[in-house]
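See structure below.
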Amino acid sequence: MKLFQPTSKIPVRLKNTVRSMMLMDVTTTVSEDASAILFPWIIFDGIVQFHSAEIPKEWSTVEDKEFLYEKFNNLQRKAMRTLVCGYFDKLIKRYPQCSNKKMIVLVNSDYSEPYWETSDFYFFRTSLYRSKKLSNEAVLPYLYYKEYNKQPELAQNELKPSIGFCGSIVQGIRKQLIFAIMNDERLNDNFIGRSGFFHSLSFQSQEHKQLLQKEYFNNLRENLFIVCCRGAGNYSIRFYETLQAGRIPILIDSDISFPLADEIKWDDVVICKPTAEEVIETVLDWYQNRDLIEVQKNNRKIWEQYLSREGFSRRLINRLPDIIER
């Protein structure tokens, strides 16, 4: 099966942000045998904001957080509708034969609330809530990453489980799990705190930025388990980088949904529990009772086959018949 990917100009403001990561079986020539339409670029937060209406100034004085949350959600949905529906309308005017084809949209965003239920669009999203996921939504692995060029070395067992983390510790459940680990003498913690998310940090130079990146990836390599609780969105880039590095993600469940859950036995890949205490006890249980060398090998294999750009592209093509039927 093939996806029709129209050629399209990216807004000038976004040309340095949006990168093509499509390695799927796509054609840029419209034809009746194309099974569906692939939106021509991955939608980032910046693109949604680019299409959003101005936030009213009076909102800055509103203290009702629930009111602001709902208003913000409405703006996000409106912006996404404007973007994808507007593009779809223009497309079918140019190619009338596309009017009965479903459009697949890839969204790399921290926004986690549902968009809208429709038979015209199918959204793959990095961030969503498991309990609120719509029938036309699925999880998109984070595909905008720096790749390891070789098979990572395996972390060997020590006297205690080694748990790593390098990044901002301000987010609620992330902070909760990290503090619980630090206070447990049965564990070796290797935590490096940052003042903010990596892309929000001020770097003294390009060399300084590269040094911090090296420190981050060294932390991944040197520890068997990695804290991967959610950040601003209900997902973690670190989660996919951990699997790419052949390590074991651990996290508190935040109503998170993992990609391709019908194909991947996530209970054998990641430790995800409702509380910090349950996460820690499961880490100790795995450390005593599982072959963690094999777990590491399997996690890297899972990333290669399902979550890398090439792997996910193959899976998406295989899922087209089911997506189209929805």
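A few remarks follow.
- With respect to the stated conditions, Lys297 fails to be surrounded by fewer than 18 Cβ atoms within 10 Å (Cβ to Cβ) and within 20 Å of the chain's Cα centre (by Cα).
- Number of residues in the range 222-246 that are of a type outside the set (Val, Ile, Thr) and either outside the structural domain of Gln288 (by TED's automatic domain parsing) or closer than 12 Å to Gly164 by Cβ (or both) equals 8.
- Top-ranked residue of the range 227-237 - restricted to ones that are buried (at least 24 other Cβ atoms within 10 Å of the Cβ) and not polar (S, T, N, Q), ranked as nearest to the chain's Cα centre (by Cα): Tyr235
- Flag for Leu251 being within 22 Å of Ser112 (Cβ to Cβ), surrounded by 15 or more Cβ atoms within 10 Å (Cβ to Cβ) and in the same structural domain as Leu106 (by TED's automatic domain parsing): no
- Taken together, the residues in the range 180-195 that are surrounded by fewer than 19 Cβ atoms within 10 Å (Cβ to Cβ), in contact (Cβ under 8 Å) with a residue 60 or more places away in the chain and assigned to a helix (DSSP H, G or I) amount to 1.
- Selected residue (only one of Leu316, Leu320 is farther than 13 Å from Ile248 by Cβ, outside the structural domain of Glu185 (by TED's automatic domain parsing), within 16 Å of the chain's Cα centre (by Cα) and surrounded by 18 or more Cβ atoms within 10 Å (Cβ to Cβ)): Leu316
- Only one of Ser112, Ser60 that is among the hydroxyl-bearing types (Ser, Thr, Tyr), within 27 Å of Arg230 (Cβ to Cβ) and modelled with pLDDT of 85 or more: Ser112
- Tally of residues being more than 18 Å from Ala138 (Cβ to Cβ) and within 12 Å of the chain's Cα centre (by Cα) across the range 238-269: 2
- Count of the range 213-245 residues which are touching a strand residue (DSSP E or B) at 6+ places or on another chain (Cβ under 8 Å) and assigned to a helix (DSSP H, G or I): 9
- Looking only at residues of the range 96-119 that are touching a residue at least 12 places away in the same chain (Cβ under 8 Å) and over 25 Å from Asn318 (Cα atoms), we find that the one that is surrounded by the fewest Cβ atoms within 10 Å (Cβ to Cβ) is Asp110.
The values are calculated or read from the model by the stated rules, or taken from the named source; none is laboratory data. Because the structure is predicted, anything quoted here is derived from the model rather than measured. All Cβ positions, glycine included, derive from the backbone under ideal geometry; neighbour counts span all protein chains shown.
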